[in-house]
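Below you'll find the structure, written out as structure tokens, and then a few comments.
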Amino acid sequence: MGKLVFLQSLAGHAGRVWSAAWHPGGKIFASCGEDKTIRIWTRADGERWTAQTVLADGHTRTIRDVSWSYCGQYLASASFDTTVAIWDKKSGEFECNATLEGHDNEVKSVTWSRSGNLLATCSRDKSVWIWEIHHHDDQEDEFECVAVLNVHTQDVKKVCWHPHEDILASASYDNTIRLYKQDPTDNEWGPCALLESHSSTVWSISFDASGKRLASGSEDRTAKIWQLYEPDNALGIPCPDNQPVWKCVCTLAGFHTRSIYDIDWCKQTGLLATACADNLVRIFKEAADSNPNEPTFELLATTAGHAQDANKVVWNPVCPGMLLSASDDGEIKLWQWDESD
């Protein structure tokens, strides 16, 4: 069955820890929170994690989210001060070398595309913005806003890029998930799918390794699994206008007692982790005998990891089964999934 083994608890932030993100190399992670700082953590002796750097001059209000670029050279931070800061280490030390402005209200989430040249942000102002980065060898990089997507009718909580393609997903207080892509004829960004099934705020979304499934966590205390069906699929699922469609194929209900604030799908193991307002971290996995078109997910572990709301769970991209969680209790905890039990 397996178990989630506790490795270490990390303190340092004053107040809530809202988010954390692994560097693509898996040996560093960044965290952010209510104290308006970003902390960069690394293993000092190969085992114990410590805060190597504290970035305290990028924002004037709570930092809600952080995200590393896939090349590992850039760190983006999203803040309640309505801005996004871009940090890099070109000079040897982390410096904020760009500040992206435009949102009218709190920025809730930021994420880099797999291709590396696009950044997405979302806000309480109900909009999703897509930025393009222009790299220059002899001067500062430039960030250009290439799309402002006003599709949601309420606060947008989360943005998440597809793992292989330049397709963006967003989750909102309006209970829906939207997907967007660029029209090849005019290069304009626009919505390409609407996912409706949750009965309350969708707090978080995460693609699986294939990009053909999407997991979502909601205020309605359920997690849902969505599956992509291409035109002319074997099941005969209708695809209007010959376009792919997403269908909810599984609802995980009865496992969480309060809101699911975050969900993350491990790209290596297939494990699904959730962070809940009941302070708990839960681990799920698809059953071995599951029908892929009507999948069954099993609860493998429930861990009382925190003293207050669990806000974030994120799997290490390199070390299979290594997980970190962050909480209102001001702590970050590191875990390792052990299959040997």
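The values are calculated or read from the model by the stated rules, or taken from the named source; none is laboratory data. Worth saying up front: this structure is predicted, and the values here are computed from it rather than measured. Virtual Cβ from ideal backbone geometry, glycine too; neighbours counted across all protein chains shown. Note: areas computed on protein heavy atoms with side chains; ligands, DNA, RNA excluded. Shrake-Rupley method; radii C 1.70, N 1.55, O 1.52, S 1.80 Å.
So how strong a dipole does the chain carry about its Cα centre when Lys and Arg Cβ are +1 and Asp and Glu Cβ are -1, to the nearest 20 debye? Before the final figure, lay out each step's value.
Working: 30 positive and 49 negative charges, 202 e Å.
That gives the chain a dipole magnitude of about 960 debye.
At what distance in angstrom do the alpha carbon centres of the range 90-115 and the range 159-230 lie from each other?
If we compute the Cα centre of each part, the gap is 22 Å.
Only Cα pairs under 8 Å and at least 6 apart count here; give the relative contact order of the chain as a rounded whole percent.
15
Suppose the chain between Glu339 and Val54 were pulled fully straight at 0.36 nm per residue; how much longer would it get relative to their current alpha carbon spacing?
99.1 nm
Tally up the carbon and sulfur contribution to the accessible surface of the range 244-297 as a whole percent, 1.4 Å probe, everything protein left in place.
46
Just to be sure I understand the model, the point goes 7 Å from the Cα along the line to the Cβ. What's the resulting Ala234 to Leu7 distance in nm?
For Ala234 paired with Leu7, the spin-label model returns 3.8 nm.
For the pair Cys96 and Arg43, how long in nm is the line joining their label points, each one 7 Å along Cα→Cβ?
It works out to 3.2 nm between the two label points.
Under a cut-off of 18 Å between alpha-carbon atoms, report the lysines in cross-link reach of Lys212, not counting same-chain residues fewer than 8 places apart.
Hits, sequence-local ones excluded: Lys181, Lys224, Lys247, Lys267, Lys285.
Can you give the extra length, in nm with one decimal, that the chain gains between Asn291 and Asn242 once fully stretched, where that is 0.36 nm per residue apart less the Cα-Cα distance?
Additional length available on full extension: 15.1 nm.
Ignoring ligands, DNA and RNA, what percent of the accessible area of the range 175-228 is carbon or sulfur (1.4 Å)?
The C+S portion of the solvent-accessible surface of the range 175-228 is 41 percent.
Output ³J(HN,Hα) for the range 282-297: one whole-Hz value per residue in order, computed from phi by the Karplus curve 6.51 cos²θ - 1.76 cosθ + 1.60 with θ = phi - 60°, and x for Gly and Pro.
For the range 282-297, the Karplus curve yields 10, 10, 10, 8, 5, 5, 4, 9, 5, 7, x, 9, 9, x, 10, 10 Hz.
How about Lys90: which lysines have a C-alpha closer than 28 Å to its C-alpha, ignoring those fewer than 8 places off in the same chain?
Leaving aside lysines fewer than 8 places away in the same chain, those within reach of Lys90 are Lys27, Lys36, Lys108.
Pop out the carbon and sulfur fraction of the accessible area of the range 13-86 as a percent, whole number, probe 1.4 Å.
45
With labels modelled as points extended 7 Å from the Cα through the Cβ direction, what inter-label distance (nm, one decimal) is found for Asp138 paired with Cys192?
With each label point 7 Å from Cα toward Cβ, the separation is 3.8 nm.
Could you order peptides 224-237, 57-70 by the average number of other Cβ atoms within 10 Å of their residues, highest first? Each step should come with its number before you reach the end.
Working: 224-237: 15.2, 57-70: 20.4.
The most tightly packed comes first, giving 57-70, 224-237.
Roughly how many Å² is the accessible area per residue of the range 3-338, as a whole number, for a 1.4 Å probe?
Values: 13920 Å² over 336 residues.
In whole numbers, the range 3-338 has 41 Å² accessible per residue.
Whole-Å semi-axes of the range 3-338's equivalent ellipsoid, largest first, each the root of 5 times a Cα gyration tensor eigenvalue?
On the way: eigenvalues 163, 134, 64 Å².
Taking √(5λ) for each Cα gyration eigenvalue gives 29, 26, 18 Å.
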